[in-house]
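Trainee: Got a structure here, written out as structure tokens. Questions coming.
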Amino acid sequence: MKAVITVTGKDNVGIIAKVSSLCSKYEANILDISQTVLQDYFAMMMLVDVSELNVNFGDFSDAMSKLGSDNNLIINTMHEDIFNSMHRI
Amino acid sequence: MLNTKDILETIEMIRTDHLDIRTITMGISLLDCACESGNTFATRIYEKITKKAENLVKTGEEIEKKYGVPIINKRISVTPISLAGGNLGYDDYILAAKALDKAASNTGVNFIGGYSALVQKGSTPAEDALIESIPEALACTNAVCSSVNVATTKSGINMDAVAKMGHIIKKAALLTANNDSFGCAKLVVFANAPDDNPFMAGAFHGVGEGECIINVGVSGPGVVRSAIAKEPDANFAQLAEIIKKTAFKITRVGQLVAREASSMLGIPFGIVDLSLAPTPAIGDSVARILEEMGLECCGAYGTTAALALLNDAVKKGGVMASSQVGGLSGAFIPVSEDEGMINAVNKGALTLEKLEAMTAVCSVGLDMIAVPGDTEADVISAMIADEISIGVVNYKTTAVRVIPAFGKKVGDTISYGGLWGEAPVMEINKYSPSKFIGRGGRIPAPIQSLKN
């Protein structure tokens with residue numbers, strides 16, 4: 001199972017490091033990363049394999065959201081199927 | 001990897017434009033609970049519902065987490081109680097209503113629908129007893145929703161039932177007078193009621209349905225409004241295309257959730273209801289979509305045309321996104337639940353007559369409309385008759401959910417909070433339809449019914 005983590009908010013130092021280390025803590029394997037910075041606005045997308053997670057998906061998603069709110073960012077963790085369903089026929 | 005633009009678009013739809021799944025509704029047949037004793041019937045329906053739906057709320061919450069899309073309500077619809085109840089009487093039905101309410105509270109669902117009777121051609125003593133008991137049942141329960149189907153295109157209009165429903169609605173208003181006549185918000189009078197509607201207050205599990213089924217209702221007026229706002233100079237063909245594409249995306253989420261819920265619960269998937277269901281939240285309004293199309297205020301001339309375009313494009317876009325479509329499918333226009341509609345009524349731009357015209361081209365009907373508390377029962381029956389006729393002649397579902405708010409007059413407001421919102425009490429026509437409503441009998445089925 002793959003999930004997409006999106007991080008949006010004001011750019012600050014170490015965002016990718018923080019998200020990646022949380023992925024590593026829960027054993028989510030990072031498959032791909034892309035990011036854009038528009039002026040001060042930061043948007044990162046990360047495709048992760050969550051089939052080997054050491055917690056359930058809901059807890060992983062909550063931990064990511066909390067990391068976001070602690071750093072003034074919005075972090076969403078969503079199963080990739082929602083994007084595939086919406087944007088592909 | 002997935003396209004960045006697509007991912008951000010989905011997230012914006014959810015975070016900014018209020019995209020959500022309005023409801024996962026589990027339909028449960030209660031036909032096997034029939035029993036000559038009211039007590040036993042109540043016990044049986046309670047046990048069956050709590051067993052079938054024990055994991056419904058938990059499953060909904062898990063799906064919500066997995067896909068990051070809010071699922072606002074988890075609900076249950078059951079076989080019309082007047083059918084499952086067989087030959088029960090008034091007091092037995094009240095026991096059944098309480099059992100439904102207890103089952104809703106025990107399973108954690110938001111609402112349970114199906115305290116219903118289908119009397120389009122005539123009524124049995126059991127159905128008469130159930131209809132009589134509706135006001136008390138709604139007053140003594142929290143989550144129970146009720147509906148009565150008084151007409152179909154095939155059968156015509158049961159005007160005796162229409163006349164009776166005027167009195168039932170008045171009584172429901174009186175018994176819940178201390179809560180702005182909230183009982184009436186949980187009671188719908190239908191023409192051509194669908195068997196697989198996941199939306200309240202009109203949901204019930206139709207007699208042609210199987211043992212248990214999962215139906216999903218989507219939402220997303222905010223998403224459509226925002227998509228239109230990005231193309232301010234689009235012509236009508238382009239406008240229809242934008243709405244179709246947006247409806248497609250919204251419905252695909254509904255289909256995904258429905259399939260997932262069905263597989264997690266091990267219950268067959270029924271339908272996705274392609275609906276635009278507003279909420280009182282700013283930006284989540286059907287009226288605001290019509291205004292975004294270029295009307296100064298919802299209710300202006302052009303409103304019916306704009307709504308017709310919207311409703312048709314939503315269906316065209318949605319139908320390709322789901323393998324099975326059903327329910328009410330279309331744009332809803334409940335006044336109290338739509339911030340833009342409330343605004344239009346308060347400004348005097350949107351009247352009851354205009355709302356009635358709008359119902360000819362969209363889903364459902366006169367919905368969540370507050371009228372003065374001293375409105376006569378015959379007048380309410382006549383409102384029902386008008387609205388139901390639109391449904392019968394046009395071979396579509398229409399419904400009436402009016403609230404003759406006890407003790408309130410034009411200019412007052414009723415307020416329920418949450419998804420129910422608040423409604424300004426609207427002005428009504430003062431002339432009497434009493435002689436017409438009092439004639440009794442049935443309006444014959446229209447010529448459209450003879451399609452064979």
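The values are calculated or read from the model by the stated rules, or taken from the named source; none is laboratory data. Here the structure is a predicted model, which means the values were calculated and not measured. When we count neighbours, we look across all protein chains shown, and the Cβ atoms used for this are built from the backbone with ideal geometry, even at glycine.
Trainee: Just name the residue that is farthest from the chain's Cα centre (by Cα) out of those in region B:1-38 that are among the hydroxyl-bearing types (Ser, Thr, Tyr) and not in a loop (DSSP other than H, G, I, E, B). Reasoning before the result, please.
Mentor: Start the filter on region B:1-38 by keeping residues that are among the hydroxyl-bearing types (Ser, Thr, Tyr), which leaves B:4, B:10, B:16, B:23, B:25, B:29, B:37.
Still in the list and also not in a loop (DSSP other than H, G, I, E, B): B:4, B:10, B:23, B:25.
Working: B:Thr4: 37, B:Thr10: 27, B:Thr23: 12, B:Thr25: 12 Å.
In this case the residue turns out to be B:Thr4.
Trainee: OK, next. Just the residues that are crowded, with 24+ Cβ neighbours inside 10 Å and either of a type in the set (Phe, Trp, Tyr) or over 15 Å from B:Val425 (Cβ atoms) (or both), please, taken from region B:363-384.
Mentor: B:Ser363, B:Val364, B:Gly365, B:Asp367, B:Ser381, B:Ile384
Trainee: Is it the case that B:Lys451 is within 21 Å of B:Ile380 (Cα to Cα) and at pLDDT below 95?
Mentor: Criteria not met by B:Lys451.
This table checks each residue for (1) charged (D, E, K, R); (2) modelled with pLDDT of 95 or more.
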site: B:Pro372; (1), (2): no, yes
site: B:Asp378; (1), (2): yes, yes
site: B:Asp386; (1), (2): yes, yes
site: B:Gly418; (1), (2): no, no
site: B:Ala423; (1), (2): no, no
site: B:Lys435; (1), (2): yes, yes
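Trainee: Could you tell me which of the residues B:Lys430, B:Lys408, B:Lys451 is in a loop (DSSP other than H, G, I, E, B) and buried (at least 17 other Cβ atoms within 10 Å of the Cβ)? Can you show your working first?
Mentor: On the way: B:Lys430 fails: buried (at least 17 other Cβ atoms within 10 Å of the Cβ); B:Lys451 fails: buried (at least 17 other Cβ atoms within 10 Å of the Cβ).
After applying the criteria, what remains is B:Lys408.
Trainee: Follow-up question, since we're still on this one. It is to be established whether one or more residues within region B:330-340 are more than 23 Å from B:Asn197 (Cα to Cα) and crowded, with 17+ Cβ neighbours inside 10 Å.
Mentor: Start the filter on region B:330-340 by keeping residues that are more than 23 Å from B:Asn197 (Cα to Cα), which leaves B:339-340.
After this cut, where a residue has to be crowded, with 17+ Cβ neighbours inside 10 Å as well, the list is B:339-340.
Yes, the conditions are met somewhere in region B:330-340.
Trainee: Quick one: would you say B:Asn215 is over 15 Å from B:Leu310 (Cα atoms) and away from chain A (no Cβ under 14 Å)?
Mentor: yes
Trainee: Which count do you get for residues in region A:29-60 that are of a type outside the set (S, T, N, Q) and more than 14 Å from every other protein chain (Cβ to nearest Cβ)?
Mentor: 2
Trainee: With the structure loaded, tell me whether B:Asp6 is touching a strand residue (DSSP E or B) at 6+ places or on another chain (Cβ under 6 Å) and either within 14 Å of chain A (Cβ to nearest Cβ) or of a type in the set (Lys, Arg) (or both) or whether it fails that test.
Mentor: So B:Asp6 fails the test.
Trainee: Of the conditions (1) within 13 Å of chain B (Cβ to nearest Cβ); (2) crowded, with 17+ Cβ neighbours inside 10 Å; (3) modelled with pLDDT under 90, A:Ile15 clears all except one; give me its number.
Mentor: Failed condition: (1).
Trainee: Follow-up. Tally time: how many residues in region B:215-236 are assigned to a helix (DSSP H, G or I) and surrounded by fewer than 24 Cβ atoms within 10 Å (Cβ to Cβ)?
Mentor: Going residue by residue through region B:215-236, those that are assigned to a helix (DSSP H, G or I) are B:221-229, B:236.
Filter once more, keeping what is surrounded by fewer than 24 Cβ atoms within 10 Å (Cβ to Cβ): B:226-229, B:236.
Result for region B:215-236: 5.
Trainee: Among the residues of region A:60-89, write down those that are more than 17 Å from B:Glu260 (Cβ to Cβ) and in contact (Cβ under 8 Å) with a residue 24 or more places away in the chain.
Mentor: Across region A:60-89, the qualifying residues are A:Phe60, A:Ala63, A:Met64, A:Leu67, A:Gly68, A:Asn71, A:Asn72, A:Leu73, A:Ile74, A:Ile75, A:Asn76.
Trainee: Out of all the residues in region B:177-190, is one or more surrounded by 24 or more Cβ atoms within 10 Å (Cβ to Cβ), more than 28 Å from B:Gly283 (Cβ to Cβ) and among the aliphatic types (A, V, I, L, M)?
Mentor: Within region B:177-190 (the criterion being surrounded by 24 or more Cβ atoms within 10 Å (Cβ to Cβ), more than 28 Å from B:Gly283 (Cβ to Cβ) and among the aliphatic types (A, V, I, L, M)), the answer is yes, since at least one residue qualifies.
Trainee: Does any residue in region B:13-29 that is over 15 Å from B:Lys249 (Cβ atoms) come within less than 7 Å, Cβ to Cβ, of a residue that is of a type in the set (Ser, Thr, Tyr) and in a strand (DSSP E or B) six or more places away or on a different chain, and which pairs are these?
Mentor: B:Thr25/B:Ser77; B:Gly27/B:Ser77
Trainee: For region B:237-256, indicate whether the set of residues that are surrounded by 23 or more Cβ atoms within 10 Å (Cβ to Cβ), touching a residue at least 24 places away in the same chain (Cβ under 8 Å), in contact with a helix residue (DSSP H, G or I) (Cβ under 8 Å, 6 or more places away or on another chain) and away from chain A (no Cβ under 14 Å) is non-empty.
Mentor: The answer is yes, given that some residue of region B:237-256 is surrounded by 23 or more Cβ atoms within 10 Å (Cβ to Cβ), touching a residue at least 24 places away in the same chain (Cβ under 8 Å), in contact with a helix residue (DSSP H, G or I) (Cβ under 8 Å, 6 or more places away or on another chain) and away from chain A (no Cβ under 14 Å).
Trainee: Check off (1) assigned to a loop (DSSP other than H, G, I, E, B); (2) crowded, with 19+ Cβ neighbours inside 10 Å for B:Asn87 and give me the number that stays unchecked.
Mentor: B:Asn87 satisfies every listed condition except (2).
Trainee: Starting from residues that are assigned to a helix (DSSP H, G or I) and of a type in the set (D, E, K, R), keep the ones in region B:136-176 and report whichever is surrounded by the most Cβ atoms within 10 Å (Cβ to Cβ).
Mentor: B:Lys170
Trainee: Just to verify a result, which residue in region B:52-76, among those that are more than 14 Å from every other protein chain (Cβ to nearest Cβ) and not in a helix (DSSP H, G or I), is surrounded by the most Cβ atoms within 10 Å (Cβ to Cβ)?
Mentor: The extreme case among them is B:Arg75.
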